[in-house]
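Engineer: Below: one structure in structure tokens.
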Amino acid sequence: NYSDNPDDVEVLMLEKIGLMQGRLSIPIGKKIQAFPTNNWENEFSKAKKLSIRFIEWTLDYKNLSKNPLLSSSGQKKIKKLCKANKIKINSITGDCFMQRPFWKVAKVYKKNLILDLKKILIGASKLNIKYLVIPIVDNGKLKNTHQKKILIEELKKIKIYQKKTKVKILFETDFSPQQNFEFLKNFDKNFFGLNYDIGNSASLNYDPVQEFKKNAIYIKNI
């Protein structure tokens, strides 16, 4: 709804804007983003002071099993912090899949990585998180049709877990608007969609108007 009052517009924007986890902490090493192992709890109160209402959780492959999202005690702590600070976690950025893509590893390792995916979907469900972002860029970039086939086949098998957990998988890609459209035709739109990364699109000189014209139905997170 449009308002002439700048204060009203500001409130409306803040109700829609979230923060990537780790951005309110001192960077780990020289990484742009990483799970803030020693500071993740403090980010809730910091976000509240900034009137931020959403946090996008971050999952790294390193120490993944120790991430609080994947344990019952950690989930209880997250729920408590969300309630105390009026913060909601709507989405997860799964950097762990980019760091260790199951569509690129040998078969002997793939099983455990798929098991990790299932655990993440279950953990997300317990916290009522709606979206899990799987980046197929950088180290996760699809290099050939074989990798693409594995990704599609394995994620189609995962749909049974998505039906139980109600968590949608969103892809972060470097595809053109047409390539995204063709890629997503392989999946059920009720369970899969797009994470629209503005930085990726700008660096590749894609036209955002064309991107939304072609794929608006799939875009769930920006």
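The values are calculated or read from the model by the stated rules, or taken from the named source; none is laboratory data. Note that the structure is predicted; figures quoted are calculated from it, not measured. Please note: Cβ atoms are built from the backbone with ideal geometry, for glycine as well, and neighbour counts cover all protein chains shown. Note: accessible area is taken over every heavy atom of the protein model, side chains too, but ligands, DNA and RNA are not part of it. Shrake-Rupley method; radii C 1.70, N 1.55, O 1.52, S 1.80 Å.
Engineer: Which pairs have Cβ atoms under 7 Å, sit 6 or more apart or on different chains, and link a residue in segment 100-112 that is under 17 Å from T145 (Cα atoms) to one that is of a type in the set (A, V, I, L, M)?
Structural biologist: Pairs found: F102/L113; F102/I114; W103/I150; W103/L151; V105/L113.
Engineer: Residue pairs, Cβ under 8 Å, 6 or more apart or interchain, first in segment 141-160 and at pLDDT 95 or above and buried (at least 16 other Cβ atoms within 10 Å of the Cβ), second basic (K, R) and not in a helix (DSSP H, G or I). List them.
Structural biologist: Listed pairs, sorted by first residue: Q147/K104.
Engineer: Could you grab me the full set of residues in segment 135-163 that are farther than 16 Å from Q179 by Cβ and of a type in the set (V, I, T)?
Structural biologist: Once the filter is applied, which keeps residues that are farther than 16 Å from Q179 by Cβ and of a type in the set (V, I, T), segment 135-163 yields I150, I158, I160.
Engineer: Sticking with this structure for a sec: List pairs: first residue in segment 75-96 and over 13 Å from V133 (Cβ atoms), second residue small (G, A, S) and part of a helix (DSSP H, G or I) anywhere in the structure, Cβ distance under 9 angstrom, at least six positions apart or on different chains.
Structural biologist: Q75/G123; L81/S45; A84/S45; N85/S45; N85/A47; I87/A47
Engineer: Now for a different question. Output yes when any residue across segment 113-128 is of a type outside the set (S, T, N, Q), surrounded by 13 or more Cβ atoms within 10 Å (Cβ to Cβ) and in a loop (DSSP other than H, G, I, E, B), and no when none is.
Structural biologist: Among the residues of segment 113-128, at least one is of a type outside the set (S, T, N, Q), surrounded by 13 or more Cβ atoms within 10 Å (Cβ to Cβ) and in a loop (DSSP other than H, G, I, E, B), which makes the answer yes.
Engineer: Further question on the same structure: Looking only at segment 184-218, which residues are among the hydrophobic types (A, V, I, L, M, F, W, C), over 21 Å from L121 (Cβ atoms) and surrounded by 12 or more Cβ atoms within 10 Å (Cβ to Cβ)?
Structural biologist: F212, I217
Engineer: Still on this structure: Here is a list: V167, V133. Which entry is over 13 Å from C96 (Cβ atoms), surrounded by 15 or more Cβ atoms within 10 Å (Cβ to Cβ) and either touching a residue at least 12 places away in the same chain (Cβ under 8 Å) or out of contact with any Gly (no Cβ under 6 Å at 6 or more places or on another chain) (or both)?
Structural biologist: On the way: V133 fails: over 13 Å from C96 (Cβ atoms).
Every option except V167 fails the conditions.
Engineer: Hey, another quick one. Please enumerate the residues belonging to segment 175-222 that are under 15 Å from the mean Cα position of the chain (by Cα) and of a type in the set (A, V, I, L, M).
Structural biologist: Within segment 175-222, L194, I198, I219, I222 meet the criteria.
Engineer: On the basis of being acidic (D, E), closer than 28 Å to Y206 by Cβ, without any contact (Cβ under 8 Å) to a residue 60 or more places away in the chain and open to solvent by 80 Å² or more (accessible area, probe 1.4 Å), does D138 make the cut?
Structural biologist: Against the criterion (acidic (D, E), closer than 28 Å to Y206 by Cβ, without any contact (Cβ under 8 Å) to a residue 60 or more places away in the chain and open to solvent by 80 Å² or more (accessible area, probe 1.4 Å)), D138 qualifies.
Engineer: Looking only at segment 143-174, which residues are within 17 Å of the chain's Cα centre (by Cα) and more than 20 Å from L121 (Cα to Cα)?
Structural biologist: Those that are within 17 Å of the chain's Cα centre (by Cα) and more than 20 Å from L121 (Cα to Cα): T173, D174.
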